[in-house]
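Before any comments, here is the structure.
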Amino acid sequence: MMWTLLNRAIIVFVFVFLLLPLVFVVVTSFGDAAMTFPPRSFSLEWYGAIPQPFITGLKVSLIVGGSTAFIAAVVGTGAALAITRGRFRGLKILAMFCLLPLMVPSLVIAVALFQFTGILWDIARIEIGGTLIGLILGHTAIAIPYVVRAVIAGHAHFDPTLEEAALNLGASKWRTLLSITLPVLIPGIVSGAVFAFLVSFDDVPIALFMGGDEATTTMPVKIFTSIEYSMKPDVMAVSALVIYVSLALMILLEKTLGLERFFGTGRA
Amino acid sequence: MKRLLLAAAGLLSLTLATTAGAQQVTLRVACYGGLFTESQQKFGGSLFSTRTGIKIEWIDGNPEDHLAKLIASRGRAAPFDIVYLEESNQARAAEAGMLMKLDPKVVTNLAHLYPQAQNREGYGPAMLFWSVGISYNAKVFAEQGIPEPKSWLDLWHPKLERRFAFPDIAQGTATDLIIGTARALGGNERNTDAAFDKLGQAKPLYFYTSSSDLRAKFRAGDVWAAVWNNGRSWGMIDEGFPLKFVYPTEGGHGKLSTIDVVTGTKHPKEAMMFINQVLDPLTQLGQANQIPYGPTNKLLAPVLAAYPDLAQKFPASPEALEKLYVPDVKAVNDNYSKWVDQWNRKVKK
Amino acid sequence: MGRFAALRVRWGLLALPVIAVLLLAFGMPIASMTANSLFNHAGPGRVGSNLTLVNYINFATDPYYLGILVDTFALGFVVVSICTVLGYPVAYFLARTHSRWRGVLMFLVIAPLLVSAVIRNLGWIPLLGTNGFVNWALQALGLTDRPIALVNNFLGVVIGTTHALLPFMILMLTTVIQRINPQIEEAAVNLGATPWKNFTQVVLPLSMPGLIGGYLIVFTITISSYTTPAMLGGHRVTVMSTFVAQQIRFVLNYAFGATCAVVLMAVAIALTVMATRQSERGS
């Protein structure tokens, strides 16, 4: 009884703890220009006045985050399968290598990448600095560990007899891989891809160094560089808007497709 | 490894679009971002593009990060053509040979700048003046019976314990705090030992790097006083917050924001033309009206004299500039790594 | 051969893309950057050409630097422990619930991460500040008579970092727990296991892979995170990442900055190897 009660208390506490700082963001987005908290007056004007650069930045962030999530999910799943199923020398080193980007402060990665773009230009005449490709590449590097770890975790308790049965019934190995192995891994891959997106969506240092003009400036960079000179509720409005839109999208997906497909099919 | 790199490189180059080398000249300008970049574009960039047909592309970031990019690309193609820096990182960039000297025949506005704004070695001038002083919540000070700050040392008042903010050493303003404290104690830029002992005894609520964060803490009532700059303080005063911005009797500090042409640019002449536009009275007035930092073009003095409400927010006249103490940038740069180390060990705790 | 021998796939080959991407976007850049640690510092922004170990010796012989390293890993352990204790019940609930709102609840767990860290951290001021909600509540309840410092110190960094990393722990654990067959637990309960016994002897061992994954992720990001320690620590708390940032961005001492990054990486690798060995032995 005590056990259940404690559990419930923790669950409620965690949700309150996670969501509380967002209250400030949402409330001030409806507030007055000076961002007093609690606000002296309420209005919707900031939602109508979200500056164009934030919207452009949001688009760039979505493109970069989406591409990062996709690439990291694909290559990361491959690596996870190699780590869990492979039997080759250097497997442990590979596992560690796939975790390494998390152990280096992202500012160091950002400066290193920027310097490396110069070297890359010197030896191969390829410019990735200030391009979307460079940005996506940098984010993919820091996102891969999440996918690899999530897929490895999701691969636990995998029952190999499923695959054997499929093979015995005459399915080709690729068919088996696609229709038996992959569906079981989907929840892990999806959470890995979600992580990858979030990591990209929140990063400042790499985006700051690899980005350049408007077309390669992400929303966090735009926010980071702009609030030092003017802090208005419009920043809060655009941040809150991201939450509303994703929440609406989430509910819509749940009602139409059923999110169980993404989060739940892994049940044994 | 090399083969792998080449293969990957080949793959990348396939997907990279090549930009057509049209006649159109585009200047890449590394600026501070946000409202500052917006007003530079509004009052300078768009005028310039209309007059010359040259396109301006803005790259946002902190001066430190612009400098880091310049260092990383030393000996290679410049990552941008023009860069907005602060005086101290300008000196470092110049020392490393990353900045070009300006041609006064192209940058004709150089002749009209205050002497304090000129760069002695011929690099980019100050495009605006700002100043460092003490900002405090006058309402709370009155309620608590804390006397108005007259000296840098007044921040050590016992009633202010855990109620004031210092800039972190990552902020240029921290060097002003160090020098200001040193001067209040009889030292100077090259004699700061007493200042560090004094700073080590201070009990600030925290050390800020972000002005937006400090602003929020002033608003929340967590912070009652801070060593801050004129522009951001006036931003809050104009919103009706009971803040006051004062210079201590030892003298407020005068600070310069600079603009330079980057070595290795393909368009040095056009870049200098752009700088000339930034130094133009019209652009400078627009800028000062948007964010209250002071223009450096003295042709504006009579105009500003006619608008005292605006002029009170920044050093706007030769006399006002004379009253400010301008720290020796060379001494700051020479001592900076030592100061950071002392700060880490003595002050930050 | 392994358990997955039936599918005749050379699994190792699937790692090639990741190796290529990581070498190009991380391995080679970091290798060339950290090579700076073996050279002398020749003034701001300049790395000298004398091969030397002086940076490492400076680091290893100065209690101040070693203290930063200790604080960093202490932070990692504290945060990962809190994340595990708080995250597990939530993950278990999310994995087992049949609520129609499960998807939305999962979303709410990650929602805070959709807001930029800089903005998110501003949200803590009205909550944890001197005049913030928590201090108001504590004083109203008579638990304390003067405001407690909840931010601008180590505690603030712990609160902020835990907040930012809990979602990762929860999602990681949920992925694994939902793959544990509920019938195993039902069987255990039917055989008379108490909830505690069921948890410690059945569920917990089976969710080890998630715990390891979550632990590795949370621990490693904590020790290398920057924005939250900087903002919620009030620049009073120094951890390796904030120190490295200071050396690289402001002091422009690339040699020593790189040295610290290498030390951080090396210790993190050693601890990770130890942790995984330990857990392998345990299972």
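The values are calculated or read from the model by the stated rules, or taken from the named source; none is laboratory data. These numbers come from a predicted model, not from an experiment. Cβ atoms come from the backbone with ideal geometry, glycine included; neighbour counts cover every protein chain shown.
Values computed for the structure shown
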| item | result |
| --- | --- |
| Identity of the residue in segment B:39-86, within 12 Å of chain A (Cβ to nearest Cβ) and polar (S, T, N, Q), that ends up farthest from the chain's Cα centre (by Cα) | B:73 |
| So residue A:21, is it in contact (Cβ under 8 Å) with a residue 12 or more places away in the chain, touching a Lys or Arg at 6+ places or on another chain (Cβ under 7 Å), assigned to a helix (DSSP H, G or I) and surrounded by 18 or more Cβ atoms within 10 Å (Cβ to Cβ) | no |
| Yes/no for residue C:232 being touching a helix residue (DSSP H, G or I) at 6+ places or on another chain (Cβ under 7 Å), under 30 Å from residue B:211 (Cα atoms) and more than 9 Å from chain A (Cβ to nearest Cβ) | yes |
| Tally of residues being surrounded by fewer than 24 Cβ atoms within 10 Å (Cβ to Cβ), modelled with pLDDT of 90 or more and over 19 Å from residue A:66 (Cβ atoms) across segment A:207-225 | 0 |
| Residue tally, condition within 22 Å of the chain's Cα centre (by Cα), crowded, with 23+ Cβ neighbours inside 10 Å and not hydrophobic (A, V, I, L, M, F, W, C), over segment B:218-239 | 4 |
| Matching option when the condition is of a type in the set (Phe, Trp, Tyr) and in contact (Cβ under 8 Å) with a residue 24 or more places away in the chain, among A:54, A:15 | A:54 |
| Sole residue being in contact with a helix residue (DSSP H, G or I) (Cβ under 7 Å, 6 or more places away or on another chain), crowded, with 18+ Cβ neighbours inside 10 Å and in the same structural domain as residue B:207 (by TED's automatic domain parsing), chosen from B:242, B:295, B:248 | B:248 |
| Residue in segment C:123-133 that is within 13 Å of chain A (Cβ to nearest Cβ), of a type in the set (A, V, I, L, M) and either closer than 30 Å to residue A:115 by Cα or touching a Ser or Thr at 6+ places or on another chain (Cβ under 7 Å) (or both) present | no |
| Of residues in segment C:162-179 being more than 18 Å from residue A:197 (Cα to Cα) and of a type in the set (A, V, I, L, M), the one nearest to the other protein chains (Cβ to nearest Cβ) | C:176 |
| Top-ranked residue of segment A:185-206 - restricted to ones that are farther than 29 Å from residue A:156 by Cα and more than 14 Å from the chain's Cα centre (by Cα), ranked as surrounded by the most Cβ atoms within 10 Å (Cβ to Cβ) | A:206 |
| Residue B:262 farther than 28 Å from residue B:292 by Cβ, modelled with pLDDT of 95 or more and β-branched (Val, Ile, Thr) | yes |
| Pairs where the first residue, in segment A:221-240, is at the interface with another protein chain (Cβ under 7 Å from one of its Cβ atoms) and farther than 16 Å from residue C:117 by Cβ and the second is outside any helix (DSSP H, G or I) and among the β-branched types (Val, Ile, Thr), C-beta under 9 Å, 6+ apart | A:229/B:291; A:230/B:291 |
| Residue in segment C:2-22 that is within 30 Å of residue C:250 (Cα to Cα) and more than 8 Å from every other protein chain (Cβ to nearest Cβ) present | no |
| Sole residue being closer than 30 Å to residue A:241 by Cβ, modelled with pLDDT of 95 or more and of a type in the set (A, V, I, L, M), chosen from C:86, C:155 | C:86 |
| Residue in segment C:120-147 that is farthest from the chain's Cα centre (by Cα), counting only those that are more than 14 Å from residue B:206 (Cβ to Cβ) and buried (at least 23 other Cβ atoms within 10 Å of the Cβ) | C:126 |
| Boolean, residue B:80 is buried (at least 22 other Cβ atoms within 10 Å of the Cβ), in contact with a strand residue (DSSP E or B) (Cβ under 9 Å, 6 or more places away or on another chain) and not in a helix (DSSP H, G or I) | yes |
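Yes/no per residue for (1) at positive phi; (2) more than 14 Å from chain C (Cβ to nearest Cβ); (3) surrounded by 16 or more Cβ atoms within 10 Å (Cβ to Cβ); (4) in contact with an Asp or Glu (Cβ under 9 Å, 6 or more places away or on another chain):
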{"position": "B:88", "(1), (2), (3), (4)": "no, no, yes, no"}
{"position": "B:107", "(1), (2), (3), (4)": "no, yes, yes, no"}
{"position": "B:111", "(1), (2), (3), (4)": "no, yes, no, no"}
{"position": "B:128", "(1), (2), (3), (4)": "no, yes, yes, no"}
